[in-house]
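Have a look at the structure below, then the notes.
The values are calculated or read from the model by the stated rules, or taken from the named source; none is laboratory data. Nothing here was measured: the structure is a model prediction, and the numbers come from that model. A quick note on method: Cβ atoms are made from the backbone with ideal geometry, for glycine too, and the neighbour counts reach across all protein chains shown.
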Amino acid sequence: MRMFAQDRVFYRGVRVDLTGDPEALRRFGLLRQVDRARREHGLTLAASLDVSGVARSTYYDWLGRFKAGGVKALTPGSSRPLSHPGRRWTHADAVRVFAVRGEMRWCGKARLHLEHNRRHPDKPLSLAAVGRIVQWGLKAGRIKPCAFWCEGRARAKRRRDFAGGHAQRWRKEDKHQGLQLDHMTLSLDGKVFKEFRAVCPKTRRQHAQVFSRATSGVAKAFLAEALKRLGDQPLQVDGGSEFRGDFEDECAERKLPLKVLPPRCPELNGIVERANRTARIECWSLHDGELNCQALNAALSNHLDYYKSVS
């Protein structure tokens, strides 16, 4: 008895697909509709796809899958991503991080990350995961924000009231309308100094002085010297406490408009901020003289004279 084998196409043609997925059957019907439109009505592939409402790339994708595996291959796959950017933290992870933070409320996420992984080496967390847990805990009220010690202040700044004072809130139309004033902290070999700086945004002339501390009285004295050199102009300052009290009263006596910038907007004081950065890099990082206000002011004066000569 002789047996003859048929070609593979024969067995593939008589195959029965037992899929009952409605989306797979719908896709198969669209493929048949496009094929019928091309054979019976003589339409082009583009015209057939327009009638069926199927994109060309989608049509070839479905056609290739159908030829390889039949109607069953047209079943849509899972939409779940194959990978995740990071392991998601669980409630147990949050409990452990909150326990560490309860003992170390003054620390940031970097220290909490190290301490958590030291205590729980079998269940480590990434730095980003610890940060997300802390942020979620603060928003959900599971943990409370800690009061960091900053320049002698353990409480957050109160919002400034512009109702009865001379200072006015900054508006968009006030940008670069007068002198920009700012102060920065200098830490040189363990000693801390305060540098006040005023810059005219029109002429770029500037005046700066170094003091041992930053108070409203010091800011008032600096303002008097700055106005002698740069002339009376409207003033633009940030919301620091050194620009209140005596400083604001001095502006009121001189009848100088005083605008206070909104919080966390250093770009609005960009000219003086850039001047501070330049002085920090090109003057204070190279200073090797005595560390007292007189010597620092002499070095700062030489720095300003150099910039006047090259400008």
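Structural remarks
- In the stretch 178-195, residue nearest to A295 (Cα to Cα) [restricted to those that are assigned to a strand (DSSP E or B) and of a type in the set (D, E)]: E195
- S212 within 17 Å of A299 (Cβ to Cβ), touching a helix residue (DSSP H, G or I) at 6+ places or on another chain (Cβ under 7 Å), of a type outside the set (A, V, I, L, M, F, W, C) and surrounded by fewer than 21 Cβ atoms within 10 Å (Cβ to Cβ): yes
- Among (1) small (G, A, S); (2) surrounded by fewer than 18 Cβ atoms within 10 Å (Cβ to Cβ); (3) closer than 18 Å to N297 by Cα; (4) free of Cβ contacts under 8 Å to residues at least 40 places away in the same chain, the one test that A219 misses: (2)
- Just one of (1) at pLDDT 90 or above; (2) in a loop (DSSP other than H, G, I, E, B) fails for D61. It is (2).
- One residue alone among A214, A224, A167 is farther than 30 Å from F98 by Cα, touching a Leu at 6+ places or on another chain (Cβ under 9 Å) and modelled with pLDDT of 85 or more, and that residue is A167.
- Taking the stretch 201-304 as the region of interest, the helices (runs of 4 or more DSSP H) fully inside it that hold 3 or more residues being under 30 Å from G164 (Cα atoms) and over 34 Å from the mean Cα position of the chain (by Cα) are 216-230, 246-254.
- R274 being assigned by TED's automatic domain parsing to the domain that holds F196, under 20 Å from R205 (Cα atoms) and touching a Leu at 6+ places or on another chain (Cβ under 9 Å): no
- Just so you know, in the stretch 228-240 the residues that are hydrophobic (A, V, I, L, M, F, W, C) and under 23 Å from R171 (Cα atoms) include one that is surrounded by the fewest Cβ atoms within 10 Å (Cβ to Cβ), and it is L235.
- Only a single criterion out of (1) within 25 Å of the chain's Cα centre (by Cα); (2) assigned by TED's automatic domain parsing to the domain that holds Q135 is not satisfied by N117, namely (1).
Residue-wise test of (1) under 30 Å from P22 (Cα atoms); (2) aromatic (F, W, Y); (3) touching a helix residue (DSSP H, G or I) at 6+ places or on another chain (Cβ under 8 Å).
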| position | (1), (2), (3) |
| --- | --- |
| K72 | yes, no, yes |
| T75 | yes, no, yes |
| R80 | yes, no, no |
| W89 | no, yes, yes |
| L125 | no, no, yes |
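- Filter result (exposed (fewer than 14 other Cβ atoms within 10 Å of the Cβ) and over 28 Å from Q177 (Cβ atoms)) within the stretch 253-290: I281, E282, S285, L286, D288, G289, E290
- Residues that are surrounded by 13 or more Cβ atoms within 10 Å (Cβ to Cβ) and part of a loop (DSSP other than H, G, I, E, B) within the stretch 106-123 comprise C107, G108, H120, listed in sequence order.
- Scanning the stretch 88-105 for residues that are under 17 Å from P145 (Cα atoms) and either among the small types (G, A, S) or crowded, with 18+ Cβ neighbours inside 10 Å (or both) yields A94, V97, A99, V100, R101, G102.
- Conditions (1) in contact with a strand residue (DSSP E or B) (Cβ under 6 Å, 6 or more places away or on another chain); (2) at pLDDT 90 or above; (3) exposed (fewer than 15 other Cβ atoms within 10 Å of the Cβ); number of the one not met by L186: (3)
- The number of residues in the stretch 269-302 that are without any contact (Cβ under 8 Å) to a residue 12 or more places away in the chain and acidic (D, E) comes to 2.
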